[in-house]
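So the structure is just underneath, and the comments pick up after that.
The values are calculated or read from the model by the stated rules, or taken from the named source; none is laboratory data. Since we're looking at a predicted model, the values are computed, not measured. Because the Cβ atoms are built from the backbone with ideal geometry, glycine has one as well, and the counts that use them run over all protein chains shown.
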Amino acid sequence: MFQFILKRCLLMIPTLLGVTIIVFLMLQIVPGDPVNTILPADATEEDRLRVEQELGLDQPLVVQYLSWLGRTLEGDFGRSIIKQLEVGTLLFDAMKNTFILAIGAAFFSFILSLIIGVYSAYHPKSWIASFGNMIGLTGVSIPNFWAALLLIGLFSVILGWLPSTGMSGVGGGGGSFDMLKHMILPSIAAGMTTLGVMTRMIRSTVIDLLQKDFVITLKAKGASSYIILMHVLKNCTPTILTVAGLQFGYLIGGSVLVETVFSWPGVGQLIYQAISQRDFPIIQAGVLMVSIVFVLLNLMVDLLHAVIDPRVRHA
């Protein structure tokens, strides 16, 4: 087991190094100059040179990359060009809010997809199975930002049941219940795609397992439906864990537009604002942080997979 963990940890190093290179080079390719964001339109050439020297933009790209990578490894993400605050502080607060939203969306989508998927596999001709198929197709077909707008229009504008923006009410003194109310709509919008993907995956996996020889043998021995269900769930757990880990990573890094629509102060909204303002330190650190979280989630899924199925350790 130790060798398996060590091997997976070593594989993370080139992956994250490649991410840093791609993020750094992409920001050099995109149009826009952070100096133009800082200085007024009538700034002199001397002012431009001074700012470029302060930001290190006058150095060769290799030197800029190595300097940024060295500071990042020390935990120094620099300062925001626009907000003039430590990027690490901004990212920590935003990432915490994104995790709150991702956990809410995961709870909604994982639980519901498991219930609908398993029931649809056991009762393929029921109305719940038809409803599950509709949910699956809707989830993978409708963009999450469009679902967000529909939810706001129905539950906030027309019915007035739920708030449409932010994490809390005016003044922020509503407590946990107030935050829970603000979480409902963005969690549903962010989790729609995950719900669709996992519902279809769980349904097809359970249907396939129900036709396996071990299930037929259990039925022949007179095993109860509960015992058969437990064996089926145990055998489909590795597949569910793999997909759930990838989908949770998607919920963290792929909810940029949902956070923007609902004004949820997460890392997605922070990166979106930084892109529009050409605030390169925030963009670089934000994308890198999301990538690190995604890689760590995959590592956790691999470890759980190895615990559940020991054959994976020797693969």
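The listed residues are L150, L154, L159, L114, and the only one of them that is buried (at least 16 other Cβ atoms within 10 Å of the Cβ) and either within 25 Å of V197 (Cβ to Cβ) or out of contact with any Asp or Glu (no Cβ under 6 Å at 6 or more places or on another chain) (or both) turns out to be L114. Residues of the stretch 121-159 that are free of Cβ contacts under 8 Å to residues at least 40 places away in the same chain and under 28 Å from Y272 (Cα atoms): W146, L150, L151, G153, L154, F155, S156, V157. The number of residues in the stretch 122-143 that are assigned to a helix (DSSP H, G or I) and either at pLDDT 85 or above or surrounded by fewer than 20 Cβ atoms within 10 Å (Cβ to Cβ) (or both) comes to 12.
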